[in-house]
Amino acid sequence: MSIDNILNRLDRVKETGNSKYLACCPAHDDRSPSLSIRETKDDQILLNCFAGCDPQSVLDALGLTFSDLYPEPLGHHFKPTKQRVNAREILASLDHESLVVAIIGADFINRKSLDDETWERLATAVNRIHSARAQAAPLQFKQWCGSRQPASKTAQRKEAA
């Protein structure tokens, strides 16, 4: 649908710039133009009522739908991208968080008192290690986590022996 077709349905239309207009909003009793209308470079039409009407109310009052404003779906021009994993960043994160776990673990083994902040930092380190492992090899990590079943006490004793 062209912007002219929409503008013809509105009252007191005033051009405010290149492909930009103000008009009275049809969704409420508008005495002063409060509806902004703009056509983008890719022929999408944007509407905004500065008085606060929601877009659906404006479209209903005009007898239009969202698909009338957008000739193609919004995400049409975007190609899916595969996120690359930066191995150095993951290794640096694992190294740092492992060190945090080791220090707190040593304090715990040496019976040092651990405050709430230290316990929270330990939990953060564990979560970051988990996230880094999952990001580095998401499919293998999910398979590994899914295949790990908690061992029974008997099985744990047999493994230890």
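Descriptive notes on the structure:
- Scanning segment 7-19 for residues that are closer than 21 Å to residue 63 by Cα and either assigned to a loop (DSSP other than H, G, I, E, B) or under 32 Å from the mean Cα position of the chain (by Cα) (or both) gives 8, 9, 10.
- Residue match in segment 72-80 (condition: modelled with pLDDT of 85 or more, of a type outside the set (Ser, Thr, Tyr) and not in a helix (DSSP H, G or I)): no
- Of the residues examined, residue 100 is one that is in a helix (DSSP H, G or I), surrounded by 16 or more Cβ atoms within 10 Å (Cβ to Cβ) and modelled with pLDDT under 95.
- Among (1) surrounded by 14 or more Cβ atoms within 10 Å (Cβ to Cβ); (2) at pLDDT 90 or above, the one test that residue 116 misses: (1)
The values are calculated or read from the model by the stated rules, or taken from the named source; none is laboratory data. Predicted model, so just to flag it, every value in this text is computed and none were measured. Virtual Cβ from ideal backbone geometry, glycine too; neighbours counted across all protein chains shown.
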